[in-house]
Amino acid sequence: MLKIAIAFAIATLVAVFATRDFSASSDPRYSQITDGEVVEFFRTSASFDEAEQAWHIPVHGWVYQPEDSTVRKALFASIMKNEFGLVPSNETEANFTRRINLMIADNERDRHIVISMAGQTFVLPESAPNGHFAMTITLSASAVEKFRSGAVLAYSAVVDPAVNSQFGGESLLVGPAGLSIISDIDDTVKISNINDRRSLLQHTFLLDFAAVPGMAPLYAQWSGQGASLHFVSSSPWQLYAPLDEFLAAAGFPVSTLTLKAVRFRDKTLFDLFKKGTETKPATIEKILRTYKGRRFILVGDSGEHDPEVYAALLRKFPDQIQTVYIRNVSSETFDNDRFTMLFDGIDSDRWQLFKEADSIQPLNNPPELPAKTSQ
């Protein structure tokens, strides 16, 4: 396995430096990208400052050169076969190729992306070694009002006319008051079997993504009652587009996704979904602190550490977090040692362990939760 990992890393580095194009435009009017490169904007949520009467609009994206390396793909397939007995089939080859190509894409560092937003032009900071760039733009309420479409503000990259592609992004305009849902993805709304490494890899890189029954209608119902939706997951940023497409196709409301930063070099890729406890608390806290006037519902599953993360946050932010819902994928009971210890001293109507989405009653204020069961 060590030889495979070393070969994999060498093949990655050779391909990166063999194909990299350093001739991106230096014209300050345009984004520093060349034809064939991709700028992917991740949907964000803007916050409104009532004192300033202004919107703070995060812009976050990734600039990369698509890759289709048969060598690296073959090495990855070899590791999956040798370690887990997984082999792409005719039915799964397209999924495997697309997702692996995203993972091995050539990240473009030190690139300035120029965007047009609300009739103004902004030059974003240089992209990092992982190709990501980020900046928060502040616009007056009146400026946003002219360009918003409902609760969405769209923008686009300014590219040289020689670049035969257009790239656009959007930010959700989330007000200072109301209800927000923060949700996990894997095994909460998407079937992943995260505690089974072989099944996890199969669901991540081979199979069509599949929704957990009933969760999309539940989230759509909450959205219909005015809730905003934020997904926080340990899945890698490289899979943002496939995940966002899956969520939309499955009927989930438009949402933001905060994922995990991973650089693809060797078989450490197989540790992608470990230790969400190291990234999720800080990410969720940032959302809570950004929207101090909103109430929150947290939704996760019992497969890994969502209960531990959510219980700690509920204690830390008792006035903001209204309810915690935990999908039971581990055949536990609400009164076992794990849950009695985690939620000791917390009112029983502040959290619920559930198996089926339809056991969660329509949201009220405050919510009327069904009695706890031994699911």
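Each reported figure results from applying straightforward, stated rules to the coordinates on display, with no laboratory input. Treat the numbers as computed from the prediction; the structure is a model and nothing was measured. Cβ placement follows ideal geometry from the backbone for every residue including glycine, while neighbour counts extend to all protein chains displayed.
Here are a few things to note about the model shown:
- For the chain, a crude dipole built from +1 on the beta carbon of Lys and Arg and -1 on the beta carbon of Asp and Glu, taken about the Cα centre, is about 460 debye to the nearest 20.
- Mean separation of Cα contacts under 8 Å, 6 or more apart, over the residue count of the range 175-244: relative contact order %: 44
- Approximate spin-label separation residue 290-residue 121, in nm, with each point projected 7 Å along Cα-to-Cβ: 2.8
- Whether the range 114-261 is rounded, prolate or oblate, judged on the alpha carbon gyration tensor where a/c under 1.5 counts as rounded: oblate
- Calculated FRET efficiency for the pair residue 52/residue 156, C-beta based, R₀ 25 Å, to 0.05: 0.45
- Selection from 45, 56, 259, by position along the positive dipole direction of the chain (Cβ): 259
- Shape of the range 178-359 from the C-alpha gyration tensor: rounded (a/c under 1.5, with a ≥ b ≥ c the square roots of its eigenvalues).
- Summing Cβ point charges (Lys, Arg +1; Asp, Glu -1) relative to the Cα centre of the range 301-344 gives a dipole of roughly 140 debye.
- Order of 321, 326 - criterion: other Cβ atoms within 10 Å of each residue's Cβ, fewest first: 321, 326
- Extreme residue, positive dipole direction of the chain, given options 129, 235, 172 (C-beta unit charges): 129
- Using C-alpha pairs under 8 Å with a sequence gap of at least 6, the mean separation divided by the residue count of the chain gives a relative contact order of 15 percent.
- Beta bridges per DSSP with both ends in the range 178-359, % antiparallel, nearest 5: 5
- FRET efficiency, 1/(1 + (r/R0)^6) with R0 35 Å, evaluated for residue 254 and residue 78 via beta carbons: 0.35
- Mean ellipticity per residue at 222 nm, deg cm²/dmol - from DSSP H runs of n ≥ 4 across the chain, formula -39500 (n - 2.57): -8500 deg cm²/dmol
- Each peptide in 165-174, 125-134, 54-63 gets a packing score, the mean of other Cβ atoms within 10 Å over its residues, and the list from highest to lowest is 54-63, 165-174, 125-134.
- Each of 92, 70 was scored by other Cβ atoms within 10 Å of its Cβ. Arranged with the fewest first, they read 70, 92.
- The range 178-359: relative contact order as a whole-number percent, Cα under 8 Å and 6+ apart: 24
- Under Stokes-Einstein, with the Kirkwood radius over Cα pairs as Rh, the value for the chain at 20 °C and 1.002 mPa s is 97 µm²/s.
- In order along the range 127-137, the Karplus-derived 3J(HN,Hα) couplings, from 6.51 cos²θ - 1.76 cosθ + 1.60 at θ = phi - 60°, round to 5, 7, x, 8, x, 7, 9, 7, 6, 9, 9 Hz, and Gly and Pro are given as x.
- Flagged links, alpha-carbon separation over 26 Å, of 81/280; 260/292; 190/280; 292/355; 190/292: 81/280; 292/355; 190/292
- Taking 0.36 nm per residue of separation and subtracting the Cα-Cα distance, full extension of the segment from residue 91 to residue 349 would add 88.4 nm.
- Taking the DSSP bridge list for the range 90-193 and keeping only pairs wholly inside it, about 95 percent are antiparallel.
- Rounded to 5, the percent of DSSP beta bridges in the chain classed as antiparallel: 55
- Computing FRET efficiency as 1/(1 + (r/R0)^6) for residue 340 and residue 197, where r is the C-beta to C-beta distance and R0 is 30 Å, gives about 0.55.
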